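Undergrad: Sharing a structure with you now.
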Amino acid sequence: MKVTGAQALMKCLKEQGVNVVFGFPGGAVIDIFDEIMKNKDLTHVLVRHEQAAVHAADAYARVVGDVGVALVTSGPGATNTVTGIASAYLDSIPIVVFTGQVPTALIGNDAFQEVDIVGITRPCTKHNYLVTDPNELIETIREAFHIARTGRPGPVLIDLPKDVMAAMVNFTEPKPVKMRTYRPTYEPHPGQIEKACKSILKAKKPVLYIGGGVIASNAHEEVTEFARKMSVPVTMTLMGLGGFPGTDPLSMGMLGMHGTYFANMAVSDCDMLIAVGARFDDRVTGRLDAFAPHAKIIHIDIDPTSISKNIGVDIPIVADCKHAVAAMNSWLDRTKEFNRDEIAVKHEPWLNKIREWKAKHPLGYVEEADIIKPQFVVQKLHELTGGDAIITTEVGQNQMWAAQFYHFNHPRAFLTSGGLGVMGYGFPAAIGAKMAAPERTVIDIAGDGSIQMNIQELATAMQYKCPVKIAILNNNYLGMVRQWQELFYDKRYSNTGLETAPDFVKLAEAYGAVGLRATRPSEVEPVIKEALATDNTVIMDFVISREEGVYPMVPAGKATTEMLLV
Amino acid sequence: MKHTISVLLQNKPGVLSRVTGLFSGRGYNIESLCVNKTLDPNVSCLTLVSYGADQIIEQITKQLHKLIDVIKVTDMAETEYVEREMVLIRIKAEAGTRAEVLRIIDIFRGKVVDVSSKSYAVEITGDEEKIQAVIDILKPIGIQEIVKTGTIAMARARKTL
Ligand SMILES: Cc1ncc(C[n+]2csc(CCOP(=O)(O)OP(=O)(O)O)c2C)c(N)n1
Ligand SMILES: [Mg+2]
């Protein structure tokens, strides 16, 4: 069947199961938008800045567990996507970004709105393509989706010259994508699984350290089964939150720079560290030679480049986390050496030691009668949503308080720009999440600085009746940077004061949304209740204690046991 | 430490810059680079030489492997291999030195590929050390121009008794 390139794109999107595209038009993609208008199967969400389209697609992907899609024009439309793409790359989120390009005959001529976006995004995409031959269009799109969603997921970009979209192409029925050079390893090596299990059975002080790979591979059930079966305490990275129930007695919460005292102590004292889908990021390890110094390390990851990258690993297992942990569970079930009750008794002294650490320095903060504490706001959000909301965050202190105090019990409910740390991620992500799960409560836990980086998306939220809630923890500061200046730069607050700020209540109202403000602790609960009861987009402006810090804190480059505490 | 890395990759636009980007992105220099088609015109073989910490080079090798267009990566340090470079040298060759130049070239099994009344252009192949030795010997006579290829390398066939 002969169709135009733009029509072929529509057919490919349908065949890939894409219902929602986040985008913004321009000259180079008018042909595509012309088809979008006719396409009743597809919802196009018109964002107000292309960066937001990519963050929204990223969040959409995280919530549904499949590929998110963004579509933008050439030149500035394309360059505006770079931050979103880089964020998805570092967080291993499957998205496909379509960028318009000038007609093939003009490429390389510095044509109007021409930019080499394939060159620009080469180091921050899993793969990218410039389609110059219309006959390769369909195969390229199918390959792109395949690459984005398999193996270690990631962003893929396809650059589409205008003439390729107008050209006639032969639409062929899909067949399974077969690639000569790309075959990720899903199944673990049985010998390695056995070796790992035997070695875990010998350990006295094991810790399970899980990351975003557990979420990406939907391994949370297998991980939970394993931890409970083996009575192993669990700690999560920022990206791994929700991979194991945060309220489970075995949960130690997050580890690393702003991790809990007991998680960091446990990791530095353990004799066996089982890393699952985590990558030993510097924010997790602190000073490398002091990280888990007594531990034998098992590392399960689908990406061989993550293994032994920062820290030498004793038992590497290259596999999909879900498959590997399932294999460990079934190995344990089959072996006579394993007895659930005996293991529980054996690990009791270790779990007890962790309980002692926890009692000594629980996660906490100093309460005050007249000033709203940000941690209190997050606790109230947890309480009033029953812990069941999808939480997105901006970046900074707000992000860390959200991670510490909203105890995530389910995967795909905590969406944050973990690797790149993009201020401005949270709000467009909330819109993407709400488009993916309209029945869920979606809250962006925001900072007063970050929210201004994509505030224009209020128009998008209003246009698509996306009643997301924004909770600004308003300290009138670029708080996280201020905290570093306080601690390590003798309180020289260079350019971190944000006294000049909009009235967020009026700002919400200007867009037709609802604005609410709380300045006293007693107002927090009523404001949240009203926001949750409102069927509209709401900004909650919580005026919080200005110089509140995030604790515990491991100063950059220090050992994770050298924590500054509340 | 010196690493000679051999990469089989799809012969497509942009692939080379994906490979070199992994080095430049880490501030690593590529000392030499050689690429050409294999028997299969869709597949190229690339040989590159880089100096760096073993652990970082190992990380780069793994990253190379992860590139979608890369078929196979071999760090030659892990095998026995032969390597060759080729050099073209234009050397001053006037009445007094013409015979000596020819003698030296002959010792190194080089070939004269261009002749003028004042110079010879010669071609020599060998490993890095041999090429350096020729250059060192010819230098006092007067090298006018020099062009070197990158290293190409091939693993030795496994010898079984
Ligand atoms: C796009 C971007 N620019 C700069 C930074 C550096 N940065 C990290 S946290 C932070 C402060 C964020 O301020 P705010 O949103 O008010 O959050 P708070 O820390 O006060 O909760 C800054 C500037 C960043 N992460 N992202
Ligand atoms: Mg702030």
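Undergrad: Can you compute the modelled spin-label distance between A:Asp282 and A:Glu342, with each label point 7 Å from Cα toward Cβ, in nm?
TA: Each label point is offset 7 Å from its Cα along the Cβ direction, giving 4.6 nm.
Undergrad: Taking a probe of 1.4 Å, how large is the accessible area per residue of the range A:190-360, in Å²?
TA: Spelled out: the 1.4 Å probe surface of the range A:190-360, per residue, equals 37 Å².
Undergrad: In the structure shown, do any of A:Lys469/A:Lys529; A:Lys204/A:Lys353; A:Lys309/B:Lys66; B:Lys37/B:Lys72; A:Lys11/A:Lys126 have a Cα-Cα gap over 19 Å, and if so which?
TA: A:Lys11/A:Lys126
Undergrad: So what is the 222 nm mean residue ellipticity for chain A from helices alone, if each DSSP H run of at least 4 adds -39500 (n - 2.57) and you divide by all residues, rounding to the nearest 500 deg cm²/dmol?
TA: Numbers: 22 runs with 215 residues, N = 566.
One gets -11000 deg cm²/dmol as the mean residue ellipticity at 222 nm.
Undergrad: So, R0 is 60 Å and r is the distance between the beta-carbons of B:Glu80 and A:Glu225; what FRET efficiency does that work out to, to 0.05? Present the calculation step by step, with values, prior to reporting the outcome.
TA: On the way: r = 48 Å, r/R0 = 0.80.
The computed FRET efficiency comes out at 0.80.
Undergrad: Treating the beta-carbon of each Lys and Arg as +1 and of each Asp and Glu as -1, no other charges, what is the dipole magnitude of the protein assembly as shown about its Cα centre, to the nearest 20 debye?
TA: 1540
Undergrad: Rolling a 1.4 angstrom probe over the protein heavy atoms, how many square angstrom per residue are accessible across the range A:374-543? The partial results should precede the final answer.
TA: Details: 6020 Å² over 170 residues.
With all protein chains present, the range A:374-543 gives 35 Å² per residue.
Undergrad: Which entries in the list B:Lys62/B:Lys148; B:Lys2/B:Lys111; A:Lys14/A:Lys175; A:Lys162/B:Lys12; A:Lys202/A:Lys336; A:Lys38/A:Lys434 go over 18 Å, if you measure between the two C-alpha atoms of each? Please report the intermediate quantities before stating the final value.
TA: Working: B:Lys62/B:Lys148 29 Å; B:Lys2/B:Lys111 29 Å; A:Lys14/A:Lys175 15 Å; A:Lys162/B:Lys12 22 Å; A:Lys202/A:Lys336 14 Å; A:Lys38/A:Lys434 24 Å.
From B:Lys62/B:Lys148; B:Lys2/B:Lys111; A:Lys14/A:Lys175; A:Lys162/B:Lys12; A:Lys202/A:Lys336; A:Lys38/A:Lys434, over 18 Å: B:Lys62/B:Lys148; B:Lys2/B:Lys111; A:Lys162/B:Lys12; A:Lys38/A:Lys434.
Undergrad: Ok, one more. Once ligands and nucleic acids are excluded and a 1.4 Å probe is used, how much of A:Ile297 is accessible, expressed in Å² to the nearest 10?
TA: 10
Undergrad: Remind me, relative contact order of chain A in percent, using alpha carbon pairs under 8 angstrom and six or more residues apart? It would help to have the intermediate numbers written out before the result.
TA: On the way: 1274 pairs, mean separation 78.9, N = 566.
Averaging sequence separation for qualifying contacts and normalising by length gives 14 percent for chain A.
Undergrad: Between the range A:298-333 and the range B:107-121, what's the alpha-carbon centroid distance in Å?
TA: Between the Cα centres of the range A:298-333 and the range B:107-121 lies a distance of 59 Å.
Undergrad: Also, quick follow-up: Just checking the output field for B:12-23: average partner chain Cβ neighbours within 10 Å of each residue's Cβ? Spell out each step's value before the answer.
TA: Numbers: counts 1, 3, 6, 0, 0, 4, 4, 0, 0, 3, 1, 0.
The shielding value for this peptide is 2.
Undergrad: Per residue of B:65-73, how many C-beta atoms from partner chains lie within 10 Å of its own C-beta, taken as a mean?
TA: Values: counts 3, 8, 4, 12, 5, 2, 2, 1, 0.
For this peptide, the per-residue mean of nearby foreign Cβ atoms is 4.
Undergrad: How many nm is it between the label spots at A:Lys198 and A:Asp503, if each spot is 7 Å from the Cα in line with the beta carbon?
TA: That separation, rounded to one decimal, is 7.2 nm.
Undergrad: Would you work out if the range A:2-170 is rounded, prolate or oblate? Take a ≥ b ≥ c from the square roots of the eigenvalues of the alpha-carbon gyration tensor; rounded if a/c is under 1.5, else prolate when a/b is larger than b/c, oblate otherwise.
TA: Values: a/c = 1.39, a/b = 1.17, b/c = 1.19.
It is rounded, given that a/c, with a ≥ b ≥ c, falls under 1.5.
Undergrad: Need the per-residue list for the range A:108-138: every residue with at least 30 Å² less accessible surface in the complex of protein chains than in the chain by itself, probe 1.4 Å, sorted by number.
TA: Residues shielded by partner chains are A:Arg122, A:His127.
Undergrad: Excluding A:Met423 itself, what net charge comes from residues whose Cβ is under 13 Å from its Cβ, given Lys and Arg +1 and Asp and Glu -1? Before the final figure, lay out the partial values.
TA: Values: positive: none; negative: A:Glu394, A:Asp444, A:Asp448.
Around A:Met423, the charge tally is -3.
Undergrad: Show that you can apply the helix-only estimate: for chain B, add -39,500 (n - 2.57) for every DSSP H stretch of four or more residues, divide by all residues, and state [θ] at 222 nm to the nearest 500.
TA: On the way: 4 runs with 44 residues, N = 161.
Taken over chain B, the calculation gives -8500 deg cm²/dmol.
Undergrad: Same structure again: Excluding A:Thr441 itself, calculate the net charge of residues whose Cβ lies under 10 Å from the Cβ of A:Thr441, where each Lys or Arg counts +1 and each Asp or Glu counts -1. If you can, show how the numbers build up before the last one.
TA: Details: positive: A:Lys434, A:Arg440, A:Lys469; negative: A:Asp388, A:Glu439.
With Lys, Arg at +1 and Asp, Glu at -1, the neighbours total +1.
Undergrad: Could you rank the peptides A:265-274, A:32-41, A:137-146 by their average count of other C-beta atoms within 10 Å per residue, with the highest value first?
TA: Top of the packing list down: A:265-274, A:137-146, A:32-41.
Undergrad: Another one. In whole percent, what relative contact order does the range A:409-566 give with Cα contacts below 8 Å and a gap of six or more residues? Kindly include the intermediate steps, with their values, before the conclusion.
TA: Working: 237 pairs, mean separation 32.5, N = 158.
Normalised by residue count, the contact order of the range A:409-566 is 21 percent.
Undergrad: Of A:Pro25, B:Ala153, A:Ala319, whose Cα points farthest to the positive end of the dipole of the protein assembly as shown (charges on the beta-carbon: +1 Lys, Arg; -1 Asp, Glu; origin at the Cα centre)?
TA: B:Ala153
Undergrad: With an 8 Å Cα cut-off and a minimum separation of 6 or more residues, compute the relative contact order for chain B in percent.
TA: On the way: 279 pairs, mean separation 44.6, N = 161.
It comes to 28 percent, rounded to a whole number.
Undergrad: Right, another one. Taking all protein chains as present, what is the carbon and sulfur share of the accessible area of the protein assembly as shown, in % to the nearest whole number, probe 1.4 Å?
TA: Reported share for carbon and sulfur atoms: 53 percent.
Undergrad: Further question: What is the list of residues in the range B:47-80 whose amide nitrogen lies under 13 Å from a point 7 angstrom out from the Cα of B:Leu8, following Cα to Cβ?
TA: Counting backbone N atoms under 13 Å from the label point, the list is B:70-74.
Undergrad: What FRET efficiency would be calculated for the residue pair B:Asp114, A:Val177, taking the C-beta separation as r and a Förster radius of 51 Å, to the nearest 0.05? Intermediate values should be presented prior to the final figure.
TA: Values: r = 52 Å, r/R0 = 1.02.
E(calc), rounded to 0.05, equals 0.50.
Undergrad: Other chains' Cβ within 10 Å of A:305-314 residues: what's the mean?
TA: What the average comes to for A:305-314 is 2.
Undergrad: How far is it, in nm, from the label point at A:Ile371 to the one at A:Ser330 when both lie 7 Å from their Cα along the line to the Cβ?
TA: Taking the simple label geometry, A:Ile371 and A:Ser330 are separated by 5.7 nm.
Undergrad: Nearest 100 Å² is fine: what is the total accessible surface buried where chains A and B meet, probe 1.4 Å? Don't jump to the answer; show the numbers that get you there.
TA: On the way: alone 22230 and 10060 Å², together 30920 Å².
Roughly 1400 Å².
Undergrad: So if I take the centroid of the Cα atoms in the range A:428-450 and the same for the range A:459-533, what is the distance between those two points in Å?
TA: Value for the Cα centre distance between the two parts: 14 Å.
The values are calculated or read from the model by the stated rules, or taken from the named source; none is laboratory data. As the structure is a computational prediction, the values presented were derived from the model and not from experiment. Positions of Cβ are generated from backbone atoms using ideal geometry, with glycine treated the same way; all protein chains shown enter the neighbour counts. These accessible areas exclude ligands, DNA and RNA; they are computed on the full protein's heavy atoms, side chains included. Shrake-Rupley method; radii C 1.70, N 1.55, O 1.52, S 1.80 Å.
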